Every structure is written in C-alpha cells, then in structure tokens.
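Visitor: Take this structure, written in structure tokens, and hold onto it; I'll ask about it next.
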Amino acid sequence: MSALAAELWVPFTYGYMLKAMWVSALVGGVCAFLSAYLMLKGWSLMGDALGHSIVPGVAAAYLIGAPFAVGAFFAGILASLAMNFVKQKSRLREDAVIGLVFTALFALGVLMASIWPTSVNIQTIVLGNILAIADEDVVQVAIIAAVSLAIMAFLWKDLMVTFFDESHARSIGLDTTFLRIVFFTVLSACTVAALQTVGACLVIAMVVTPGATAYLLTDRFGWLVVISIALGTVTSFVGAYISYFLDGATGGVIVSLQTLLFLAAFWLAPRHGVLAARRRRRLTLGGAAP
Amino acid sequence: MNVAAEPRLAPDALGASILLRDLSVTYPNGVTAVRDASFALDPGTICALVGVNGSGKSTIFKAIMGFVKPSAGEVRLCGLPVDAALKKNIVAYVPQSEDIDWNFPVLVEQVVMMGRYGHMNFLRMPSRADRYKVDQALERVGMNDWRKRQIGELSGGQKKRVFLARSLAQEGRIILLDEPFTGIDVKTEAAIIGLLRELRAAGHLMLVSTHNLGSVPDFCDHVVLLNRTVLAAGPTAEVFTRANLERAFGGVLRDFRLGGRHLHDDDDARSLTVLTDDERPLVFYGGKTQPREDEP
Ligand SMILES: Nc1ncnc2c1ncn2[C@@H]1O[C@H](COP(=O)(O)OP(=O)(O)O)[C@@H](O)[C@H]1O
Ligand SMILES: [Mg+2]
C-alpha cells in the first residue's frame with residue numbers, strides 16, 4: 001500500500017471516526033428523506049425553526065439531568081403544536097407563524113442558559129460535535145434514525161398524496177390529521193438527531209438542500225426521494241470523513257458538500273438546469289431565425 | 001380475471017346518495033358560512049351547486065369531505081356518516097385548480113394512479129388491474145398521449161381532464177367537482193359535460209359547483225341555490241327560475257332584458273332575458289330557459 005493510500009485510510013482505523021461517519025450518513029439519509037416533502041410544501045424554514053426551538057428543551061434537560069434528546073424532542077413537539085395552533089386560530093401566514101414561534105423558543109432557551117448556567121455547552125448545540133459523540137448518544141441517534149426511516153418507508157406514498165392534494169387523500173380514506181402529526185413528530189425527532197451531527201444552525205441545510213437538488217434532477221416524486229436520500233447519505237458520510245483531515249467542523253464540511261452538489265445541479269441539470277434552459281432558448285431562437 | 005368483462009352495474013346498484021340535514025358550519029374564527037342547509041340527492045343525478053362567491057359552496061364540499069365538522073346537523077353519504085363513507089372510497093373529489101401545486105414533481109399517469117390508492121394494500125403497490133384502470137381512465141378523457149408529462153406542463157383544460165380521470169380511476173359513486181369549468185375552453189367543457197352524462201347514466205351522483213349559469217340547464221337535472229343557506233333545491237325546471245336566481249344573486253348578476261318591439265316586430269310578447277355573472281350567460285326566453293339542441 002502506498003503512503004498516500006495509507007494516509008487516506010487512517011480515518012477508518014479510528015473507532016470514533018467510523019462511528020462519526022456512519023452516524024452522520026444515517027442521519028443525513030433520513031433528513032434528506034424529509035427534505036423531499038418540506039421543500040415541496042414551502043416549509044423549508046420549519047427545519048430551521050425546529051432546530052432553534054429545541055434549544056430550551058436541551059437547557060431544561062440538562063437542568064433536570066434528563067437525556068438531552070428527550071428535552072429536545074419535547075421542545076420540538078411543543079414548537080410544532082404551537083405553530084399549528086397559532087395558524088389555525090389566526091389569519092397569520094405560515095412564515096410569520098414560524099418566525100414568531102421559533103424566535104420565542106430560541107430566546108427562552110438562551111434566557112434559561114444564562115439564568116441557570118449549567119454544563120450546557122451552547123456551542124455544542126449550535127455547531128454540533130459528532131467527532132466527540134458519546135456512546136449513549138450514538139444509541140439515541142441510531143434508534144431515532146432507524147425508526148424514522150422505517151415509518152417513512154411505509155408511509156411515503158400516503159404522505160405524498162396528503163401533501164399533494166389533501167382532499168383527495170381524505171377521499172381515499174386516509175386520516176390526514178394523523179399523517180401530519182406523524183410527519184412532524186418524525187421531523188422533530190430527526191432534527192434532534194441532526195443537532196448532534198451538524199448543530200442547530202445547519203439543521204436546515206440537512207432538511208432542505210438534498211431535496212432541492214433532487215428537485216432539479218427529476219419530475220417524479222419517487223425518484224426525487226431516492227436521489228435525495230442518496231445525496232444526503234453520501235455527503236454526510238464523505239463530509240465526516242473529510243472533516244478528519246480538516247480537524248473538526250463536520251457540520252460545515254457536510255453542508256458545503258451538499259451546497260456544491262446543489263450548485264452543480266443548478267447549472268448542469270439536464271432539463272431544469274440554467275445551461276439547459278439557455279440551450280433550449282438558443283435552439284428556439286435558432287429555429288425562428290433561418 | 002378479465003377486468004374488461006366486468007358487468008356494467010345497473011344505475012341503482014350504486015346506491016349513491018347525499019343527504020344534508022340542517023347542516024350548519026361555523027369556522028374557528030366565528031364565521032358561520034352555512035346555516036340550516038338541507039337537501040337530498042339520489043343516484044344518477046347531476047346537481048349544480050350555484051351561488052355567489054362566498055355563498056358557502058366550497059364549505060359544503062368541505063363538510064361532505066369531513067374537513068370541517070358541522071356545528072349542527074349532519075351529512076350522510078350513501079346512508080353512512082362521512083368518515084365511514086370516506087373509508088369505503090365512496091367519494092371522489094375534483095379540486096379547484098387553485099388548490100393544486102402545479103410544480104409538484106408528479107407525472108399525469110401518477111396523479112391518475114393516486115385514484116387507485118384507496119383500492120390497494122397499505123404499501124400502495126399497483127396491481128395489473130390498477131394499471132389497466134388508469135389506462136382506461138386516461139383513454140376516456142383523451143389524455144393518453146400526455147401521460148408522461150409533469151402536470152404543470154398542461155393547459156388548464158388538460159389539467160381538469162387529468163383530475164377527472166383520477167376520479168374515474170377511483171370509481172367513486174359520488175363525484176364532487178368544485179368549479180370545474182373555470183378557466184377552460186368551450187371544447188373541454190363540452191367534453192367534460194359529455195363524460196358527466198355518461199357517469200350519470202351509469203348511476204353516479206355528481207355535485208358540481210359552478211358560476212357557469214348558462215350551461216346548468218344543459219346538463220344538470222338538479223339545482224341547489226345557495227346563499228349562506230339553501231334558498232331552493234330541486235329539479236332544474238322548478239328551481240332554476242328567474243325569480244330564484246335573482247334571490248340568489250341579488251344585484252351581482254348583470255341582467256339584460258329585451259322585450260316586445262326591441263326584439264321583434266310581431267305579436268310575440270315574450271321577452272328575452274340574459275342573466276350573467278360574467279361567465280357563460282343564462283338566457284330566458286319568455287320565462288323559460290332554452291336547452292341546447294344536443295340535450296337528449
Ligand atoms: N377557513 C376559513 N376560515 C374562516 N372563514 C372561512 C374559511 N373558508 C371560508 N370562509 C368564509 O365562509 C364563507 C363561505 O366561503 P366559501 O364556502 O369558500 O364560499 P364559495 O365557495 O361559495 O365562494 C365566506 O364568507 C368565507 O369568508
Ligand atoms: Mg369556492
């Protein structure tokens with residue numbers, strides 16, 4: 001084995017790196033699954049909202065000594081319920097409701113962390129720290145991701161119909177309220193998982209970018225999901241791997257990779273890319289002027 | 001099994017019916033959109049739901065689909081409460097165009113296949129019979145050549161036909177159409193009306209909300225006139241009268257009346273009245289509507 005190959009193989013020889021890579025890949029994959037739906041419904045900011053809303057839950061969990069995923073999860077659910085409630089009881093538009101709820105909860109979280117200084121390392125929550133993830137956290141994250149993937153694999157078509165045309169979903173006997181609750185519960189859970197890998201600030205990229213990239217590459221929802229999951233899984237795995245050589249900042253590397261792929265699709269996508277549109281326009285013009 | 005050889009059902013075998021009894025709907029913000037609405041519809045009927053904007057047409061549809069819970073009264077579909085009826089795939093719904101995200105990444109044939117979901121197992125894996133019924137439905141609305149297109153690439157009339165194909169594939173006994181004639185050309189309108197007549201002959205019950213007053217007497221055998229409550233309901237000939245329409249539309253309608261000598265120079269004393277809310281006008285000649293020649 002050449003020296004270079006040996007050097008590149010190093011991350012695979014460390015237990016903590018292996019763990020970081022497969023946990024990231026798992027979380028990246030399931031977040032990407034969700035991104036296919038969020039992006040289409042114009043709910044992309046929901047991921048950001050949940051990521052920030054979770055902070056008070058984490059602070060509270062540290063205060064009472066509960067596992068931090070539990071606090072985060074309940075805060076996420078609380079945020080989803082609050083958003084639904086405000087939306088139903090007022091005529092405010094979705095973006096205003098999301099903005100209101102998530103800043104309120106984030107402020108509460110910052111307040112709690114400053115009034116009761118604890119061992120919460122706000123920086124860990126905000127930026128994530130997969131390379132130093134503890135074993136019990138790995139178990140939490142793996143369970144969340146596996147259960148979420150299983151639920152989505154069973155319900156993906158029902159959720160697609162619900163989000164595409166809710167009246168039709170009802171007419172074929174689907175319980176759309178239940179499906180929405182399931183979706184937002186899974187989303188909250190996955191946001192918690194993603195906190196550990198990329199942190200609160202970059203969660204939004206995990207639940208938006210892969211779906212947005214795939215959207216430029218296909219007109220079929222099934223393929224959109226497949227491409228999105230593939231992008232999320234591979235970028236997260238490779239991102240964690242590369243971060244070994246860059247010394248940390250896993251979240252930054254993963255999201256940068258996802259953004260690079262998005263830009264490539266944005267320009268080069270066969271039908272919906274900028275260059276393809278330009279080529280089409282040139283062809284039409286060329287056809288018109290002999 | 002040869003699906004094509006399925007026997008055609010006699011009209012009454014479908015037993016489609018809609019019953020609204022003293023239905024009131026109040027939205028969470030306190031607006032009562034519909035109060036004490038009652039009407040009953042039988043199999044093999046096309047019923048028009050007619051009223052100004054805001055008269056509660058969409059609200060009635062939402063109540064039939066169980067989106068809003070009645071604050072009083074009830075809805076029964078084929079004798080069943082709404083939730084039970086929806087579980088049995090009894091109702092198909094053709095949405096208003098504004099309610100659909102046309103950028104959604106689905107192809108025409110996939111939208112029509114969604115009509116079959118209620119007949120599939122919980123993984124929604126299409127069988128050969130499902131594919132066959134999708135083909136049939138696409139063929140029937142003349143959209144087979146467009147089946148691989150993303151839905152946003154279609155014209156307004158084609159979009160409507162795709163969703164109609166979905167309701168055909170669904171084989172719902174009751175079909176609800178919310179403003180199906182808005183923004184489509186006359187040719188598509190005629191095609192859709194033709195299809196609705198075929199479905200009526202097969203025993204389906206259709207409830208169609210429309211502004212298109214002119215074509216109502218053409219193809220609807222029942223009319224429900226709505227303005228926050230049911231003003232009149234019954235056979236078109238009895239209900240779709242000038243007096244009733246004026247009650248339903250008040251000052252909103254444009255009303256041109258030409259009579260006596262303005263119209264013709266003979267003993268015919270009937271006057272010509274044109275009522276329109278800016279779509280297809282409704283013409284009364286001597287107080288009667290004029291059905292088109294193609295009416296069977
Ligand atoms: N979601 C809602 N919340 C509050 N009020 C509503 C809602 N939907 C409709 N309305 C009100 O109910 C009335 C009837 O509306 P609708 O059923 O949509 O009428 P139409 O379909 O005949 O135009 C209107 O005054 C409308 O403002
Ligand atoms: Mg309406």
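The values are calculated or read from the model by the stated rules, or taken from the named source; none is laboratory data. Bear in mind the structure is a predicted one, so any value in this text is a computation, not a measurement. Methodologically, a virtual Cβ is constructed for each residue, glycine included, from the backbone with ideal geometry; neighbour enumeration extends over all protein chains shown. Calculation scope for accessible area: heavy atoms of the full protein, side chains included, ligands and nucleic acids excluded. Shrake-Rupley method; radii C 1.70, N 1.55, O 1.52, S 1.80 Å.
Visitor: Quick one: if you stick a label point 7 Å off each Cα along the C-beta vector at residue B:135 and residue B:247, how many nm between them?
Guide: Between residue B:135 and residue B:247, the label points sit 5.2 nm apart.
Visitor: Over all directions, what mean area does the Cα convex hull of the range A:1-122 project, stated in square nanometres?
Guide: 10.7
Visitor: Among DSSP bridges having both ends in the range B:98-243, what percentage is antiparallel? Round to the nearest 5.
Guide: If we restrict to bridges inside the range B:98-243, about 55 percent are antiparallel.
Visitor: Would you mind getting me the FRET efficiency between residue B:40 and residue A:175? Use the beta-carbon distance for r and R0 = 41 Å, nearest 0.05.
Guide: The pair residue B:40/residue A:175 has a calculated efficiency of 0.90.
Visitor: Work out the P(r) tail for chain A: percent of alpha carbon pairs separated by more than 35 Å, whole number.
Guide: The share of Cα pairs beyond 35 Å in chain A comes to 23 percent.
Visitor: I want to verify the translational diffusion coefficient of the protein assembly as shown in µm²/s; compute it with Stokes-Einstein, Rh as the Kirkwood radius over Cα pairs, at 10 °C and 1.306 mPa s.
Guide: Once the numbers are plugged in, D ends up at 59 µm²/s.
Visitor: Additional query: Once phi is turned into ³J(HN,Hα) by the Karplus curve 6.51 cos²θ - 1.76 cosθ + 1.60 with θ = phi - 60°, what whole-Hz value does each residue of the range B:42-55 show in order, with x for glycine and proline?
Guide: Whole-Hz 3J(HN,Hα) from phi for the range B:42-55: 10, x, x, 10, 10, 10, 8, 10, 10, x, 5, 4, x, 7.
Visitor: Based on the alpha carbon coordinates of the range A:158-288, what radius of gyration and maximum Cα-Cα distance (Dmax) apply, in Å?
Guide: 18.5, 56
Visitor: Looking at the protein assembly as shown, what % of its DSSP beta bridges pair antiparallel, to the nearest 5?
Guide: Of the beta bridges lying entirely in the protein assembly as shown, close to 60 percent run antiparallel.
Visitor: To one decimal place, what orientation-averaged projected area in nm² is obtained for the convex hull of the Cα set of the range B:119-215?
Guide: It is 7.0 nm².
Visitor: Among B:29-35, B:167-173, B:81-87, how do they line up from the highest to the lowest mean number of other beta-carbon atoms within 10 Å?
Guide: Averaged packing, sorted descending, gives the order B:167-173, B:81-87, B:29-35.
Visitor: How much length is gained on full extension from residue A:147 to residue A:88, taking 0.36 nm per residue of separation minus their Cα-Cα distance?
Guide: Full extension from residue A:147 to residue A:88 adds 18.3 nm.
Visitor: Using 7 Å Cα-to-Cβ label points, what is the residue B:148/residue A:45 separation (nm, one decimal)?
Guide: Going by the 7 Å Cα→Cβ label model, 4.0 nm.
Visitor: Skipping prolines and chain starts, which residues have an amide H placed within reach, meaning under 5 Å, of the one on residue B:175, given they are 5 or more residues away or on another chain?
Guide: B:92, B:205, B:206, B:207
Visitor: Please list the three semi-axes, largest first and in whole Å, of the ellipsoid equivalent to the range B:77-145, using sqrt of 5 times the eigenvalues of its alpha carbon gyration tensor.
Guide: Listed largest to smallest, the semi-axes of the range B:77-145 are 22, 17, 13 Å.
Visitor: Once label points are set 7 Å from the Cα along Cα→Cβ at both residue A:271 and residue A:247, what is their separation, rounded to one decimal in nm?
Guide: Rounded to a tenth, the inter-label distance reads 4.7 nm.
Visitor: Please list A:22, A:223 from largest to smallest accessible area, probe radius 1.4 Å, with all protein chains kept in place.
Guide: Output order, biggest surface exposure first: A:223, A:22.
Visitor: Another question about this same structure. Calculate the mean, over all residues of peptide B:145-153, of how many other protein chain Cβ atoms lie within 10 angstrom of the residue's Cβ.
Guide: Averaged over the peptide's residues, the number is 1.
Visitor: List the lysines whose alpha-carbon lies under 16 Å from that of residue A:89, not counting same-chain residues fewer than 8 positions away?
Guide: Within reach: B:69.
Visitor: State, as an integer percentage, the relative contact order of chain A based on alpha-carbon contacts under 8 Å between residues 6 or more apart.
Guide: 30
Visitor: Still on this structure: Would you please report the Å³ per residue occupied by the convex hull of the alpha carbon atoms in the range A:89-222?
Guide: Expressed per residue, the convex hull around the Cα atoms of the range A:89-222 is 158 Å³.
Visitor: Semi-axes, largest first, in whole Å: what does sqrt of 5 times each Cα gyration tensor eigenvalue give for the range B:23-170?
Guide: 31, 19, 14
Visitor: Further question on the same structure: Under the rule of at least 5 residues apart or a separate chain, name every residue whose amide H is placed under 5 Å from the amide H of residue B:48.
Guide: Close amide H contacts, sequence-distant or interchain: B:208, B:222, B:223, B:224.
Visitor: For the range B:217-231, take each phi angle, set θ = phi - 60°, evaluate the Karplus expression 6.51 cos²θ - 1.76 cosθ + 1.60, and give the result in whole Hz per residue in order, putting x for glycine and proline.
Guide: Result, ordered by residue: x, 4, 9, 9, 8, 10, 9, 10, 9, 10, 8, 6, 7, 7, 7 Hz.
Visitor: For the protein assembly as shown, what is the charge dipole size about the Cα centre, in debye to the nearest 20, if Lys and Arg each add +1 at the Cβ and Asp and Glu each add -1 at the Cβ?
Guide: 500
Visitor: List the residues, sorted by chain then number, that are 5 or more residues from residue B:106 or on another chain and whose placed amide H is less than 5 Å from its amide H.
Guide: Distant-sequence amide H within range of residue B:106: B:151.
Visitor: Could you sort out which of B:62/B:133; B:159/B:187; A:87/B:88 sit more than 21 Å apart by Cα distance in this structure?
Guide: B:62/B:133; A:87/B:88
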